[in-house]
């Protein structure tokens, strides 16, 4: 996939050029491109003067980061304890079935990525599914298909 | 100097020196899989755990990794307490389940009475025990070419982006210090391949023997202020050269005297 | 404007209070993450439009308050009309006109939007009459739902930064530490270590730098109080940090926030910026010698970063692997300097303790666990949400009085506390007074205060499996007992759930658990077997049922159950499209049939059936 | 230490007693080590040069070691290799311009002369006094 990497400098300029900024920079890159492209990691290593191996370690250690491109919409199924008890597994099963992908995968048309995440901190509305930036609480099986249709 | 008691024997130790160092100095055998003196201790494998107590602790004991626990005056250490032994065999059992094919793990586990794991063997398990000796040595040497990637059960040692690591000079320290000989490399026809990266070995200008890679020599020459031509001959030819030089001087001397 | 001294601060407080007095009528819209998810921002817009229509545009700021979380997220969006304290639930934009005309401008009450008492079906008008709120005592959550979360002046109006002024000009650092120690405040992040003593240790270490870190990396699944506090009362957190910094002599502080909490990050950023602009952060705060700055470090999703040494590595931009702590992080923490790490809830209590005194605080709660604790009461309970109650209250009071009992009147089975490091507490212990020590005694722990209520439809073995899955996923992979040991525990529990367990597995799990607890490097591994151990202790029968009888009494574990359609099926056809595996056949108004070979036991049919026609056995 | 190690090639007969002494002295668990000293044909009739580490002032081996396994013993003046720390990267073997850090292929350890911690065995056993461990004062007197 080809990207325009001009925006990277805008990200770098926001932070001091030290290792302390590494996670913040990677988060901004993740937000910008929905994943961490190789070129961006290489540039980050250079600009922040952090060895590429350390950048790679950090990129693969934390859940927030992904090294593969994601779909236009990321669907996150919360699997926090409250959601688990109130049927998160069933929602996962339904969404996987409906989208014909497993959690962690992206549909072939690159429209949706399905993820399971640990608690999103909206436990009182369990079970929760986050589509893009929008939180959906008390999700029922009958609502699942609507979630995926939602633009 | 302070005094600690190890397995009933009072021994001397330096204040703040790690217990493992003292224990090893006393020739007491306790296993470790993540320890290397070249790097900071990490406390990952947990095999070197020992039982410690002090008279003032009222019978209470603690269990600590000796590689990381600094010696304190009056400490009473038991390197083979029943709980510690049980823990070691349990850990070795876990290792054996994860790396059932590793001869090194099998041998060590057998020493602790674990011949066959009671746990579920990991299918397609490799022999990397994630001790981090390779990555820590690479960091300490200043290359920082490889690192731990991922986390938890899926963690692995890998070069960045899983591509030939630019920072690697082919010193082979990672492979040579791997406790389970997991890291593969290939040396043939004056070349070396490790981490999918190809290197050229410096061949001795006299005899053609090889010692280190060109990249490593260049690194040492630039960063450590060593003339590059030092690396152009092998050690045997260097010795011969020295013998020749000293021989000539001795011969002049001899001729001058006679 | 800048706040150069206490006089400036008091001037703002006075103005703020005067404004409140001038406009007693207010519309409070809860803008916590829960309510926003339910559409609170649209409500805010509607209220704003409505006020404009009624020529009240100029005083919108005084009337409309976008507050932090009330904790009653399930019923959101929530709107409260002051001063009557009328509490409206599940408000939609179309209701706003009515609310403004009848309830805000007039004194009427719009009955359909009121809270319905789940016990007797009656309508309750006032916020404080609802049992969910009635039994609470709010100190940490004092400002949540009361003030506009992002307005510094409002915070100052409710005595904000008065405690800071008090410590800076009336107390020495030692006196501050003394007061906090005397209050008995214990760390609310899990460990329960005395906050004052921690500060004292840190202060007494001679070093170039000292740091204060606020831990907002709420990793426990099922807990969200820190999120709500950071979102709803960011200045309270900052003030707590400043007081801690003054006490230990720190000049730099960090707030470590989960990146999954974007609203919390936004509100904290705004609060820090406001403080920097006015001089409440920076050099010579309020004209004193005290200088302090706060930076936000965003976490990146790693439960293990709740462990202090891992968190500090993460703040420094490294991989969050814990180190063995024979030297504690309070002595050698961030960048190897002495560091005080307190969690959000701990710090937000500090300003009130300083203002009202240690004696007042320690009079609340129990002798060894003083004050209040915020719980997130979730799971199979009627009223779910955030609650703050005095320590020592019983689980029964929390679940049945505040929580209104179990959802659908099912029998209570267990309550899980302390997240993945805690345990499950059975019905026989419902009258246990909750505090740090009592929970530890029964094999669980306070943790960050998650209370997850389970009914008879929750499989206890599945819960143990759930937590092990979580921990295996979240283990950093550094030390063997945690990384490999928890993995093997999970494998055994998986086998049991699949009906392939043998009796010897129980002893094997117990022995392995002990070794994991003994051998692991950090708290994650040391406490990792807790959920399993506590369920083994209190619910052994259920394990035996899985192992011996090959049955899952709760009807959860797919391999041990079957789904059947009963004769009372109305033939509504709802289950047919819900089944993703084409396992259900049937015609309209005829009893449907499940083809057992195709059934994956996912439970979708059960979830959509409105006639209880599906039998799980 | 006020002693120094002196090599006198003119006295060396190439008998290799020094090699044996070295090998036995540095034996590990009864297994003889690779010798750190080698009498090598100096290229002239009857002239043997016992080649061993010169303990250079500005030692290339120390500079080349990236893990600080090589350190100078302040008492003996010898550059000593700590095998526990050594990672076998071969940098010192390659860097020594005199070829006096050598890989012992039997044990896979790099070896170099450590002056036996202050009492070189080779000097003891040299029958012709071609290797001497002598007081510096005495040496100064002799040459002066």
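The values are calculated or read from the model by the stated rules, or taken from the named source; none is laboratory data. Note that the structure is a prediction, hence the values are computed from the model and not measured. Cβ coordinates were reconstructed from backbone atoms using ideal geometry, including for glycine residues, and neighbour counts include every protein chain displayed.
Key figures
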read-out	value
Among residues of segment B:207-237, those that are under 23 Å from residue B:189 (Cβ atoms) and surrounded by 14 or more Cβ atoms within 10 Å (Cβ to Cβ), counted	18
Candidates B:50, B:77, B:11, filtered to the one that is part of a strand (DSSP E or B) and surrounded by fewer than 21 Cβ atoms within 10 Å (Cβ to Cβ)	B:11
Search result, residues across segment B:113-136 that are more than 10 Å from chain C (Cβ to nearest Cβ), touching a strand residue (DSSP E or B) at 6+ places or on another chain (Cβ under 9 Å) and in a loop (DSSP other than H, G, I, E, B)	B:126, B:128
Condition broken by residue B:110, with the remaining ones in (1) closer than 18 Å to residue B:153 by Cβ; (2) over 20 Å from the mean Cα position of the chain (by Cα); (3) part of a helix (DSSP H, G or I); (4) more than 9 Å from chain C (Cβ to nearest Cβ) satisfied	(1)
Residues of segment B:172-198 satisfying the condition of being in contact with a helix residue (DSSP H, G or I) (Cβ under 6 Å, 6 or more places away or on another chain) and either free of Cβ contacts under 8 Å to residues at least 24 places away in the same chain or more than 30 Å from residue B:96 (Cα to Cα) (or both)	B:185
Among the residues listed as A:70, A:54, the single one being under 21 Å from residue A:23 (Cα atoms), at the interface with another protein chain (Cβ under 7 Å from one of its Cβ atoms) and touching a residue at least 12 places away in the same chain (Cβ under 8 Å)	A:54
For residue A:138: the one exception among (1) under 30 Å from residue C:449 (Cα atoms); (2) modelled with pLDDT of 90 or more; (3) in a loop (DSSP other than H, G, I, E, B)	(2)
Hits in segment B:202-215 (condition: facing chain D (nearest Cβ under 10 Å) and out of contact with any helix residue (DSSP H, G or I) (no Cβ under 7 Å at 6 or more places or on another chain))	B:210, B:213
Single condition residue C:511 does not satisfy, out of (1) within 11 Å of another protein chain (Cβ to nearest Cβ); (2) in contact with a helix residue (DSSP H, G or I) (Cβ under 7 Å, 6 or more places away or on another chain)	(2)
Residue list for segment C:329-364, filter: more than 13 Å from every other protein chain (Cβ to nearest Cβ) and free of Cβ contacts under 8 Å to residues at least 24 places away in the same chain	C:329, C:356, C:360, C:363
Test result for residue B:29, within 14 Å of chain C (Cβ to nearest Cβ), free of Cβ contacts under 8 Å to residues at least 60 places away in the same chain and either more than 23 Å from residue B:137 (Cα to Cα) or part of a strand (DSSP E or B) (or both)	no
Count - residues of segment A:1-32 that are crowded, with 20+ Cβ neighbours inside 10 Å and touching a residue at least 24 places away in the same chain (Cβ under 8 Å)	7
Which numbered condition residue C:206 misses (of (1) away from chain A (no Cβ under 14 Å); (2) touching a residue at least 24 places away in the same chain (Cβ under 8 Å))	(2)
Some residue of segment C:28-43 being over 23 Å from residue A:139 (Cα atoms) and within 14 Å of another protein chain (Cβ to nearest Cβ)	no
Residue satisfying condition, being crowded, with 20+ Cβ neighbours inside 10 Å and on the phi < 0 side of the Ramachandran plot, within set C:449, C:423	C:423
Strands (runs of 3 or more DSSP E) lying entirely in segment D:34-141 (those with 2 or more residues that are surrounded by fewer than 17 Cβ atoms within 10 Å (Cβ to Cβ) and at pLDDT below 95)	D:131-135
Scope segment B:138-164; condition more than 7 Å from every other protein chain (Cβ to nearest Cβ) and over 17 Å from residue A:67 (Cα atoms); matching residues	B:138, B:139, B:143, B:164
Residue among C:240, C:253 that is touching a strand residue (DSSP E or B) at 6+ places or on another chain (Cβ under 9 Å), in a strand (DSSP E or B) and away from chain A (no Cβ under 13 Å)	C:253
Per-region count, segment C:416-450, residues at the interface with chain A (Cβ under 10 Å from one of its Cβ atoms) and touching a strand residue (DSSP E or B) at 6+ places or on another chain (Cβ under 6 Å)	3
Residues of segment D:13-49 satisfying the condition of being at the interface with chain B (Cβ under 9 Å from one of its Cβ atoms), touching a residue at least 24 places away in the same chain (Cβ under 8 Å) and in contact with a strand residue (DSSP E or B) (Cβ under 6 Å, 6 or more places away or on another chain)	D:39, D:42, D:48, D:49
Residue count, segment C:584-603 (criterion: within 14 Å of chain A (Cβ to nearest Cβ) and assigned to a loop (DSSP other than H, G, I, E, B))	6
Members of segment C:374-394 that are out of contact with any helix residue (DSSP H, G or I) (no Cβ under 6 Å at 6 or more places or on another chain), surrounded by 22 or more Cβ atoms within 10 Å (Cβ to Cβ), away from chain A (no Cβ under 12 Å) and closer than 26 Å to residue C:460 by Cα	C:393
Qualifying positions in segment C:271-318 - over 30 Å from residue C:5 (Cα atoms), part of a loop (DSSP other than H, G, I, E, B) and touching a residue at least 40 places away in the same chain (Cβ under 8 Å)	C:300, C:301, C:302, C:307
Test: residue in segment A:49-56 that is surrounded by fewer than 20 Cβ atoms within 10 Å (Cβ to Cβ) and under 18 Å from the mean Cα position of the chain (by Cα)	no
Odd one out for residue C:301 among (1) at pLDDT 95 or above; (2) surrounded by fewer than 24 Cβ atoms within 10 Å (Cβ to Cβ)	(1)
Residue tally, condition touching a strand residue (DSSP E or B) at 6+ places or on another chain (Cβ under 9 Å) and not in a helix (DSSP H, G or I), over segment A:13-33	0
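Results for (1) part of a loop (DSSP other than H, G, I, E, B); (2) closer than 26 Å to residue C:454 by Cα; (3) more than 12 Å from chain A (Cβ to nearest Cβ), shown as yes or no for each residue.
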| site | (1), (2), (3) |
| --- | --- |
| C:541 | no, yes, yes |
| C:546 | no, yes, yes |
| C:553 | yes, yes, yes |
| C:573 | yes, no, yes |
| C:582 | yes, no, no |
| C:605 | no, yes, no |
